[in-house]
Structures are given as C-alpha cells and as structure tokens.
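Peer 1: Quick one: this structure, given as structure tokens, is what I'll be asking you about.
The values are calculated or read from the model by the stated rules, or taken from the named source; none is laboratory data. Not measured: the values here are computed from a predicted model. Here Cβ is always computed from backbone atoms with ideal geometry, including for glycine, and neighbour counts include all displayed protein chains.
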Amino acid sequence: MPTAIARPGSRGGSLGTGGVLSSQIKVADRPVTQQGLTGMKTGMKGPQRQILDKSYYLGLLRSKISELTTEINKLQKEIEMYNQENSVYLSYEKRAETLALEIKELQGQLADYNMLVDKLNTNTEMEEVMNDYNMLKAQNDRETQSMDVIFTERQAKEKQIRSVEEEVEQEKQAADGIIKNMSPEKQVKYIEMKTTNEKLLQVKLIMSMIHEIHSQVKQEAVLLHEKLYELESHRDQMIAEDKSMGSPMEEGERLLKQVKEDNQEIASMERQLTDIREKINQFNEEIRQLDMDLEEHQGNIFAIILHFYYVINRLAEAMWCPFSLSKMKKKIICKQR
C-alpha cells in the first residue's frame, strides 16, 4: 500500500492527529507591544571581539575625551552667558542708581511746583513768595558755606594725616636701615630690648586696667560706707525710740492719759462752739429786730445805726477767735476781747 505523505509542519510545530494544534505552542514567544506583535529577538550575528587590546582602550578613551570636551564647551558657553548677564546686571544697577537720583531731583522739583500751586490757590502775594525765596536762599548759602568750610578742614586733616604717616614710614625705614647696619651682637641686643619693651607695655596696660578697677572698687566702697552709715543711723534711731517707749503698761497709761486730755479738750471746744452758736443766734435775732425797727422807725435813723454798729462789733468780737497749734496735737483757744 502506498504510504501517506505527511503535511509539512508549521512554525508552531507539526499538526497532530485529526488536525488539532499541538499543546507545545507558547504565546509568550510572541510578545505584544503597543504597535502590535513583534518578532523574536535574536542574538548578535557575527563574531565579537575576543581580545580587548590597546586600540580598543584608545577608542574608548577617545570617546570619553570627546564627551568631556563637549561638556566643557557647554559649561564654557554657560559661563560666558552668566558673565554677560552679570555685566548687563551691573550696567542695569548703575542705570538704576542714576535713575534714582533723577527721580529724587524730580520729586524735589515736584514739591516746589506743588508749593507754588498752593501759593497760587491761596492767593498769596508775590512779595510774600519772594520773601520766602530770599529766606531759603540765604539759608542755603549759609549751609553751603558751612559745608565748604567742613570740606576744607577735612582735606587739611587728611593731608596732615598723610604727611604724618609718611614721616612715620620714613622713620621706620631709617630705623630698619640702622638695625641692618648693626653688628649681629647689637641686633640680638636690640631684639631682646624690643621684646622687653613689648612686655613692659603689656605690663603698663595691665597696670592701667588694675588702676581703673581699683578706682571703681574705691567708689563702690565709698557708696557702701555711706549706705552703712545711713543704716547705722537708722538703727540708732530705732534703738532710741525703743528705749523711749518704755514698758507696755507705761505706754498704755500714757496713751490713756492722752486720750482723757484730748476728750476734755474736745468737750471744752464743743462747749465753746455751743456758746458761739448761741451768740450767733442771738445776734441774728438782734439784726432781725434792727431790720424791724428800721421799717417802723425810719425817722430816728442815727440811733438805729449806732445800735447796729454796736451789734456788729459784738459779733466780730465773738467770731474772731485766735487759733494756735501745739507740737503733738491741735488745740483751739478762744478768748473774748
């Protein structure tokens, strides 16, 4: 019997019996991307370098040098750009300072113009404006002269300082020349004396500081002595007051006696006040009677006036009472004339 010829197999494998696909096909062999199916990645074709010789390292070095050169050129361009921006910034800064000065001057002119407009709006006389102008001009002239004098004095002082500095430098150079011309022994001695002088200057500075501290301590000591004297005086005063107070019984008796005396004086003053009030009421009654007599007896005016003056004199004698204050308490002494 003739043998059946088998169908050639596909890429996924040979067909099985009955035309069913073989289960050995793997979908992962055909990865899916965003653009669709892609083919299988194959290895590098052709032979590779087996030995890394000198030419290989030279080529690698040349590529790195090329990259470094490119990066250096890039950085150089950035530096040039930054320098240009810096120079532009400095020019802008100078221009800003100039414009600030111009703005300040224009603001001053604007203030002058505003003041002039205010003068015109308030109908100010031209003579008053000229007086203000002359006054401001005289003040500016005085200030300008003062500034010129100060500037001249400053230049003179600076010139004097420069001349003194030049003299000091000349003297220093002369001293250095003398030292160089000395013998080695004298130079050693000079260095020793210079060191000793520096130490003595330090000692002098320390002594001045000690003297200043000593003076401060003396001042503080004087203040403390004064405070101590005040405290001792206060202590002695308190001790004397304590001694003069006596025992509590004696102090109580003295206070009780003083209270009794004060009560007696108060009662006496109340009696005197009662007498004065009674006299005042009596005099008021007499004055009222005089008013009635004036209304009834208008003819005998002279006698009524004499009686009125008599009443007024009595009232004045009763009202004018001399007052005197004692050292420890107030006492009121009323004496009738």
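Peer 1: Considering each residue of the stretch 186-237, count those that are of a type in the set (Val, Ile, Thr) and closer than 30 Å to Ala175 by Cα, and give that number.
Peer 2: Residues meeting the conditions: 6.
Peer 1: Identify the residue in the stretch 96-120 that is among the charged types (D, E, K, R) and modelled with pLDDT of 90 or more and, among all such residues, is nearest to Asp132 (Cα to Cα). Give the steps one after another, and end with the answer.
Peer 2: Quick first cut of the stretch 96-120, residues among the charged types (D, E, K, R) only: 97, 102, 104-105, 112, 118-119.
This time we only want the ones that are modelled with pLDDT of 90 or more, so: 97, 102, 104-105.
Numbers: Glu97: 32, Glu102: 26, Lys104: 23, Glu105: 21 Å.
Ranking the candidates gives Glu105 first.
Peer 1: What residue, of Asp236, Asp148, Asp141, is acidic (Asp, Glu), surrounded by 10 or more Cβ atoms within 10 Å (Cβ to Cβ), free of Cβ contacts under 8 Å to residues at least 24 places away in the same chain and farther than 30 Å from Tyr113 by Cα?
Peer 2: Asp236
Peer 1: For Glu143, state whether it is acidic (Asp, Glu) and modelled with pLDDT of 90 or more. Full working, then the answer.
Peer 2: Values: acidic (Asp, Glu): yes; modelled with pLDDT of 90 or more: yes.
Yes: the conditions hold for Glu143.
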